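Notes for the one structure printed next.
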Amino acid sequence: MGRRDRFLLGLQYVLGQIAVIVTAPLYFLFVRLMGYRIRDLKQVRNEVRRMYREQEGPWIICPNHLTMIDSIVLSYGMASLADHIFRFRRVPWNLPERKNFQRSLLIAFLCYLSKCLPVDRGGSREGLQRLLEKCLRVLGWGQGLMIFPEGGRSRTGRVKRENYSYGVGRFIEECGRCRVMLIYLRGDGQQTYGLMPRFGERFTMVTEIFDPGRTDGSGLRVQREYARRIMDRLAAMEDACLAPRG
Amino acid sequence: MSEEQITNKFIDILRGYVKDPALLEKATQKTHILKDLKVNSARLVDIIIKCEDVFGTTIDDEEADRIATIGDAVTLIQQKAA
């Protein structure tokens, strides 16, 4: 990773840390205004806090993906406003698709300040390589990286059992000391994917630490296998979450 | 194995992963696997793993990252087989 990229990444982090006093309350206000609630929120946050106490980082955080604002709801569910402000390093980095959030200058700026590293799907090898290096750098700082392992919002509304991305496997393989946190988030009224959850949505959020284990084989096979194990476990979390609903 | 043989075998492999087989009929060495054939990056990994099995070779991450077109894949497999 070049000196320029290292400097720019560090600058993004510092500016984000300064701005968090404004950005975090904005996101929290948005969640409250939309009437979003998470069941047993205190318990969920305590569980995440316990995980961070066990290991400060680096974390690869893998949630399921249904709407464009999942990261905001997840971040709200993972930590209190005070934790966002005073433990900014625990706020995970995100990898949104560039074309989804760079339509508006304001949203692009907010994303920049909120630890987002834009992804160009199908982009150049150099671009992807630079992004990978940035991600490994933030993991090297002991921080968290939120990756939606499905690679996009699930069109069926259920965790993808096929046609998912293997990118998460690459991070697990390249970051030997990372721990993996799985999160399953679903609103009571979420039947399928969408832009945003409905107004007043009530979510169930389940977290767990996942050990992807070890696997033999070449790099790409290992990455695919790690991704498969994560998707299998996320699908099992979904089954457990949906079972009481019948 | 000649370049033509490798190309034909590679296109056979692609058939299993391309949603619209008609796209393969016009395929050349310059055809971009992701953009022109509408294959996503995860399926490209599947294709590369399949190539490892079919051509009896191993392709690491950096080499895989360099594969963008059919020609890139064929050249890499040819180099590996040499």
Item to check | Per-residue [θ]222 nm for chain A (sum of -39500 (n - 2.57) over DSSP H runs n ≥ 4, rounded to 500) | outcome: -15500 deg cm²/dmol
Next on the checklist: Can you tell me the length gained on complete extension of the stretch A:D188 to A:R214, counting 0.36 nm per residue apart and subtracting the Cα distance?
Outcome noted: 5.8 nm
Checklist entry - Farthest toward the dipole's positive end in the protein assembly as shown, which of A:Y76, A:L117, A:Y166, given Cβ charges of +1 (Lys, Arg) and -1 (Asp, Glu) about the Cα centre? => result A:Y76
Checklist entry - To the nearest 20 debye, what charge dipole does the protein assembly as shown have about its Cα centre, counting +1 at the Cβ of each Lys and Arg and -1 at the Cβ of each Asp and Glu? => result 1280 debye
Checklist entry - Which listed residue (A:G144, B:Y17, A:A227) has the Cα farthest towards the positive end of the charge dipole for the protein assembly as shown, taking +1 on Lys and Arg C-beta and -1 on Asp and Glu C-beta about the Cα centre? => result A:G144
Next on the checklist: Considering only C-alpha atoms, what is the centroid distance from segment A:31-86 to segment B:1-29, in Å?
Outcome noted: 46 Å
Checklist entry - Per-residue HN-Hα couplings for segment A:74-91, Karplus 6.51 cos²θ - 1.76 cosθ + 1.60 at θ = phi - 60°, whole Hz, x for Gly and Pro? => result 5, 5, 4, x, 7, 8, 6, 4, 4, 5, 4, 7, 8, 10, 4, 5, 7, 5
Checklist entry - What ³J(HN,Hα) values, in whole Hz, does the Karplus curve 6.51 cos²θ - 1.76 cosθ + 1.60 give for segment B:6-18 when θ = phi - 60°, with x put for Gly and Pro? => result 5, 4, 4, 5, 5, 5, 4, 4, 4, 3, x, 10, 8
Next on the checklist: Once you place label points 7 Å from the Cα toward the Cβ at A:R37 and A:E126, how far apart are they in nm?
Outcome noted: 5.3 nm
Item to check | Unit charges at the beta carbon, dipole of segment B:3-81: most positive-side option, B:I33, B:T75, B:I49 | outcome: B:I33
Checklist outcome for this item: Too long for a 19 Å Cα-Cα cut-off, among A:K160/B:K9; A:K115/B:K35; B:K9/B:K80; B:K26/B:K50; A:K134/B:K35, are A:K160/B:K9; A:K115/B:K35; B:K26/B:K50; A:K134/B:K35
Checklist entry - Whole-Hz Karplus ³J(HN,Hα) for segment B:43-59, in order, using 6.51 cos²θ - 1.76 cosθ + 1.60 and θ = phi - 60°, x for Gly and Pro? => result 5, 4, 4, 4, 4, 5, 5, 4, 4, 4, 5, 5, 9, x, 9, 10, 10
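Readers should treat all values here as calculations from the given coordinates under stated rules, not as data from a laboratory. If you're wondering where the values come from, they're calculated on a predicted model, not measured in any experiment. Here Cβ is always computed from backbone atoms with ideal geometry, including for glycine, and neighbour counts include all displayed protein chains.
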